[in-house]
1. Which one is farthest from residue 198 (Cα to Cα) among residues in segment 122-133 that are touching a residue at least 24 places away in the same chain (Cβ under 8 Å) and surrounded by fewer than 18 Cβ atoms within 10 Å (Cβ to Cβ)?
2. I'm trying to understand the selection: among the residues of segment 181-215, which are closer than 12 Å to residue 164 by Cβ and touching a Leu at 6+ places or on another chain (Cβ under 8 Å)?
3. Filter segment 75-102 down to residues that are over 13 Å from the mean Cα position of the chain (by Cα) and surrounded by fewer than 17 Cβ atoms within 10 Å (Cβ to Cβ) and give me whichever is nearest to residue 57 (Cα to Cα).
4. Which ranges mark the strands (runs of 3 or more DSSP E) fully within segment 150-221 that have 2 or more residues being farther than 25 Å from residue 35 by Cα?
5. Consider segment 36-71. How many of its residues are at positive phi and part of a loop (DSSP other than H, G, I, E, B)?
6. Every residue in segment 134-160 that is surrounded by fewer than 19 Cβ atoms within 10 Å (Cβ to Cβ) and more than 26 Å from residue 187 (Cβ to Cβ), please.
7. Kindly indicate the residue of segment 161-173 that is under 16 Å from residue 210 (Cβ atoms) and in contact (Cβ under 8 Å) with a residue 12 or more places away in the chain and also surrounded by the fewest Cβ atoms within 10 Å (Cβ to Cβ) among those meeting that condition.
8. Return the residue satisfying two criteria in turn: it lies in segment 201-219 and is aliphatic (A, V, I, L, M) and surrounded by 15 or more Cβ atoms within 10 Å (Cβ to Cβ), and of such residues it is farthest from residue 150 (Cα to Cα).
Amino acid sequence: MSVQLTKGESAEMYIKAIGELTLEEALVPISTLASRLGISPVSATEMVHRIVEQGLVEHERYKGVRLTETGKRRAMLVLRRHRLWERFLTDKLKLPWEDVHDLACRLEHAVGTEVIDALVDFLDEPSSCPHGNPIPNSEGEFEYSDGVQLNTLRQGDEGVILRIHPESRDVLSFLAQKRIKPGAALSVIDVDDFDGLLTISINGVDQIIGQRIASHIVVAA
């Protein structure tokens, strides 16, 4: 089912995506933002120009975008709503771990502060979403545990999965099928010299995963 967004909701989706991607890069290229949102670079550029005018984003031509302080605070509050809904859908409604990201993308725009405050109390103030990402507090602040992407590890390295970042339905579905989730201990058995495929041992089972999937898995090594 498609959802029609207002201009304000659409802007929130953009700044939330930039906020997520900024955790990895100082400037987010327009092409990366477009890929994250599943739209064309032309459409992304048009929207970026609009939210620049709103004072939410700074744009360096040919380099990318970053959030202003105002944009960063607003993006973190959208992330707060999103990750709280993910927690509710997983913990209370028992919906599949891999499905709640897309559902939360709809719900994050649906209610006001009073409902989110009640949701926080109902969930007993969770600190992270089901995928391991921190939930910002009401001031838009959060603690971020250091980690490295799985695809940077080498043969013999060991670690514990901290989070899946950034999240997407295809990535989460693949990981759910493999039973690869935060909290699991893993070890790298082999990294193929030709194509970079990683053989890892996790939950007592050997798994083979590619570089793209491995780049979404953040590990405390």
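1. Of all residues in segment 122-133, those touching a residue at least 24 places away in the same chain (Cβ under 8 Å) come to 122-123, 126, 128-133.
The next check asks that each one be surrounded by fewer than 18 Cβ atoms within 10 Å (Cβ to Cβ); those that pass are 122-123, 126.
On the way: 122: 40, 123: 37, 126: 33 Å.
Among them, the one singled out is 122.
2. At the first step, the residues of segment 181-215 found to be closer than 12 Å to residue 164 by Cβ are 181-184, 213-215.
Within segment 181-215, 181, 182, 213, 214, 215 meet the criteria.
3. 99
4. Details: elements: 158-164, 185-191, 198-202, 205-209, 217-220.
Those strands (runs of 3 or more DSSP E) span 158-164, 185-191, 198-202, 205-209.
5. Keep residues of segment 36-71 that are at positive phi, which gives 38, 55, 62, 64.
Next cut, part of a loop (DSSP other than H, G, I, E, B) only: 38, 55, 62.
Counting residues in segment 36-71 that are at positive phi and part of a loop (DSSP other than H, G, I, E, B) gives 3.
6. Passing the criteria: 137, 138, 139, 140, 141, 142, 143.
7. So in segment 161-173, the residues under 16 Å from residue 210 (Cβ atoms) come out as 164, 168, 170-173.
Subsequent filtering for residues that are in contact (Cβ under 8 Å) with a residue 12 or more places away in the chain retains 164, 168, 171-173.
Values: 164: 25, 168: 16, 171: 20, 172: 23, 173: 14.
Checked segment 161-173; the qualifying residue surrounded by the fewest Cβ atoms within 10 Å (Cβ to Cβ) is 173.
8. Taking the candidates together, the pick is 202.
The values are calculated or read from the model by the stated rules, or taken from the named source; none is laboratory data. Keep in mind the model is a prediction, meaning the values are calculated, not measured. Counting neighbours? That spans all protein chains shown, and the Cβs are built from the backbone with ideal geometry, glycine included.
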